[in-house]
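No lab work stands behind these numbers, since they all come straight from the coordinates. Since we're looking at a predicted model, the values are computed, not measured. Every residue, glycine among them, receives a Cβ derived from its backbone with ideal geometry; neighbour counts consider all protein chains shown.
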Amino acid sequence: MFARIRPILVLWGLLLLLACQGEPMISVRLSENLVASEELRIPLKEDGAWVFGFDRRLEPKEDIRINASLLRYLEARTGLRFRLHIVPRGVSVADEICDGKVHFGIVGTVTYLQASHRCGARIIVRGRNLEGQDTYRAAIVVSVNSPIRDLRELRGRSFAFGAPNSTQGHLIPRLMLQQAGISLRDLRFYAFHDSHASTANAVISGRYDAGGLQDTLALTLARRGLIRILAMSDPYPSSGIIVAPEVPSRTVEIVREALLALDPVGRDAGVLYHWERSEMPRGFVVARDEEYQALYQIAREIGLLGP
């Protein structure tokens with residue numbers, strides 16, 4: 001009896017450390033991390049596995065479960081061994097890839113561009129959204145009663161961005177403003193927010209004249225009559241999975257082929273954990289670095305890529 005309870009006690013102890021002690025570096029062994037009851041077991045050491053990092057999106061335990069289930073699929077499909085790596089706060093997946101601590105990354109576009117710029121990391125697949133599209137857009141929104149009708153009217157107004165490393169909350173809205181002839185100096189003031197929900201609340205409450213949002217949330221709020229979409233961006237390539245430059249090409253191809261074969265709403269749905277909450281709910285398509293050049297240029301211009 002005690003032998004069965006002990007792993008669960010270890011799990012909760014580790015999750016408590018994650019929440020209360022600055023979220024230490026922890027690795028997840030796939031063959032052990034998702035048992036039938038969906039309990040997580042998190043050994044602290046493991047060798048001989050390809051290491052995956054991931055951008056934080058949800059609360060830590062859910063991020064672990066969602067991304068670990070993808071690696072469980074990859075292990076079964078490829079016969080390779082994988083380990084999920086939690087990047088500590090204050091460090092990015094781009095840092096870990098370029099420092100040789102992570103081989104693959106499940107990341108947003110800005111993280112990919114940073115890793116590509118710093119050390120030549122490549123993107124191998126990108127996600128398909130709930131509609132099956134492999135692109136996404138950003139929206140610039142205003143309150144429903146706002147007199148603003150054109151992006152150029154944002155000169156001298158206040159603007160709410162998402163997180164600095166957010167593609168849809170910062171990078172694409174900055175590009176949209178630039179295309180309208182508006183720089184940050186032309187705004188009365190601006191601020192960054194830690195989530196798209198926070199940005200939306202800042203606009204809905206009237207604290208900011210406009211804000212940048214992901215397209216799906218903006219469309220949902222507009223249908224509910226809570227905001228008005230001032231402008232929608234062009235479609236840009238979506239988030240995906242990147243690989244460090246030192247990973248052998250044969251390993252890259254094996255992983256890419258397995259990801260492209262993933263059927264998250266059909267054959268493979270049972271092995272995945274709430275994959276609909278990921279940024280790749282309908283699986284993957286091939287991605288190429290050159291498809292991200294427009295976003296790379298604006299990210300470099302606004303200082304998101306470093307020196």
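The table for this structure:
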read-out	value
Radius, Kirkwood style, for the range 202-307 when every pair of distinct Cα atoms is counted (Å)	17.5
Beta bridge orientation in the range 138-234: antiparallel %, DSSP, nearest 5	60
Global form of the range 107-173, assessed from the alpha-carbon gyration tensor, a/c cut-off 1.5	oblate
Under-5 Å amide H pairs with residue 287, H placed in peptide plane, nonlocal only	125, 126
Over the range 138-234: Kirkwood hydrodynamic radius from C-alpha pairwise inverse distances, Å	12.6
Of 144, 200, 220, farthest towards positive along the dipole that unit charges on Lys, Arg, Asp, Glu beta carbons give the range 138-234	144
Phi-based couplings in Hz for the range 270-280 (Karplus 6.51, -1.76, 1.60; Gly and Pro marked x)	x, 8, 9, 9, 6, 5, 5, 8, 7, 8, 10
Over the range 51-180, relative contact order from alpha-carbon pairs under 8 Å, at least 6 apart, %	21
Under-5 Å amide H pairs with residue 193, H placed in peptide plane, nonlocal only	161, 162, 163
Counted charge near residue 189, where neighbours are those whose Cβ lies closer than 14 Å (Asp, Glu -1; Lys, Arg +1)	+3
9 Å beta-carbon shell around residue 284, net charge (K/R +1, D/E -1)	+3
Residues whose placed amide H lies under 5 Å from that of residue 144, excluding near-sequence neighbours	228
Proxy reagent accessibility, fewest Cβ within 10 Å first, across 254, 140	254, 140
Theoretical gain in end-to-end length, residue 302 to residue 179 [0.36 nm per residue, Cα-Cα removed]	42.9 nm
Efficiency of FRET between residue 201 and residue 149 - r from beta-carbon atoms, R0 22 angstrom, step 0.05	0.45
